[in-house]
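Here's the structure, in structure tokens; my notes come after.
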Amino acid sequence: MDPSILLLQERTLMARLVRGLDHDQLVDIPEGHRNNILWNLGHVVVTQQRLHNRLAGLEMYVSPEMEAAFQIGTSPADWTDAPDLPTIVSLLHDLPVRLRDDYKAGRFANFQEYTTATGIQLGTIEDALAFNHFHEGLHMGVMMSLRKLVT
């Protein structure tokens, strides 16, 4: 299966999960948790860009401000203003298409090996594509749990 199609399916499920939630539900950090639903959505977008584009020496399709708000180790508790949900949802849908186009054009040829925070070695762009699906699945599960706590 084309990795970008699977990514688009994952992202469609995420967008469906948050449909109907109000702003307070999206930004609520339940007791015992470090992040909220909105952070998890933005985090998967930023992580995908870092794993694929940055590691291949390509420009990322997210702003530096978005990267700063959602990279690993950040928390919405540090935000002065919550990031814009429509922008994040748009990126959820648009970036898999860009990934497909960039991959088909061979733009990831300069991918640099990387070891993830969990110790997984990514030697090729294909490794990074596979790992990203694992990462998005983890955060989908987190968002499903958070949704139960905020609704």
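The values are calculated or read from the model by the stated rules, or taken from the named source; none is laboratory data. These numbers were taken from a predicted model, which means no experiment stands behind them. Please note: Cβ atoms are built from the backbone with ideal geometry, for glycine as well, and neighbour counts cover all protein chains shown.
Does the stretch 24-37 contain any residue that is among the small types (Gly, Ala, Ser) and under 17 Å from Ser145 (Cβ atoms)?
The answer is yes, given that some residue of the stretch 24-37 is among the small types (Gly, Ala, Ser) and under 17 Å from Ser145 (Cβ atoms).
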Scanning the stretch 105-123 residue by residue, those under 19 Å from Met60 (Cβ atoms) and surrounded by fewer than 17 Cβ atoms within 10 Å (Cβ to Cβ) turn out to be Ala105, Gly106, Ala109, Asn110, Gln112, Glu113, Tyr114, Thr116, Ala117
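Residues Ala130, Ala109: which one is among the small types (Gly, Ala, Ser), farther than 16 Å from Ala15 by Cα, modelled with pLDDT of 95 or more and part of a helix (DSSP H, G or I)?
Values: Ala109 fails: part of a helix (DSSP H, G or I).
Of Ala130, Ala109, the one residue that is among the small types (Gly, Ala, Ser), farther than 16 Å from Ala15 by Cα, modelled with pLDDT of 95 or more and part of a helix (DSSP H, G or I) is Ala130.
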Identity of the residue in the stretch 46-86, without any contact (Cβ under 8 Å) to a residue 12 or more places away in the chain and hydroxyl-bearing (Ser, Thr, Tyr), that ends up nearest to Thr116 (Cα to Cα)
Ser63
Of the residues in the stretch 45-104 that are hydroxyl-bearing (Ser, Thr, Tyr) and farther than 22 Å from Leu129 by Cβ, the one that is surrounded by the most Cβ atoms within 10 Å (Cβ to Cβ) is Thr74
